[in-house]
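Notes for the one structure printed next.
Readers should treat all values here as calculations from the given coordinates under stated rules, not as data from a laboratory. Computed from a predicted model, the values in this text were never measured in an experiment. Don't worry about glycine lacking a Cβ; one is built from the backbone with ideal geometry, like all the others, and counts go over all protein chains shown.
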């Protein structure tokens, strides 16, 4: 089983969007039984809060199901041993992920858009208000991530 954890600042916008879009992608590839996909936050600010209304609206708009009961949870040091891929949305997320985990000795921590041709940060729609751009960037990164993982599955 391939275990993937998506991480952003609050776990209500980007990482939850990535979690549910990726679950939908692997389901469409008939690979759901090969994955554990979750998301978490680097901060305490939104812990216990539900998915941001902008993320819910965008997921509904594109027909991607999500768990209405999903609430923000905090990344824990023990997550390092639990997951194969720990994927942040921007450079500051990566700094905070490594701080919480105490480093990355097994090279499990990535920035999502490392898996595409144009590595960059995914803007936080909490600040930009633009969930469409966030969705497009996340989808681009997830497409690259899935392609990368499928290559490892076939070896």
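A compact table of results
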{"read-out": "Exposure proxy order (Cβ contacts within 10 Å, fewest to most) of 121, 81, 107", "value": "107, 81, 121"}
{"read-out": "Percentage relative contact order, the chain, counting C-alpha pairs under 8 Å, at least six apart", "value": "26 percent"}
{"read-out": "Helical contribution to [θ] at 222 nm, DSSP H n ≥ 4, -39,500 (n - 2.57), averaged over the chain, rounded to 500", "value": "-13000 deg cm²/dmol"}
{"read-out": "Residue exposure sequence - 77, 82 - by fewest surrounding Cβ within 10 Å", "value": "77, 82"}
{"read-out": "Extension gain (nm, one decimal) between residue 116 and residue 34, 0.36 nm per residue minus Cα-Cα", "value": "27.3 nm"}
{"read-out": "DSSP bridge pairs, the chain: antiparallel proportion in percent, nearest 5", "value": "5 percent"}
{"read-out": "Computed lengthening from residue 151 to residue 99, 0.36 nm per intervening residue step minus Cα-Cα distance", "value": "15.7 nm"}
{"read-out": "Residue among 68, 119, 45 with the largest mean-square fluctuation in a Gaussian network model of the chain, springs linking Cα atoms under 10 Å", "value": "68"}
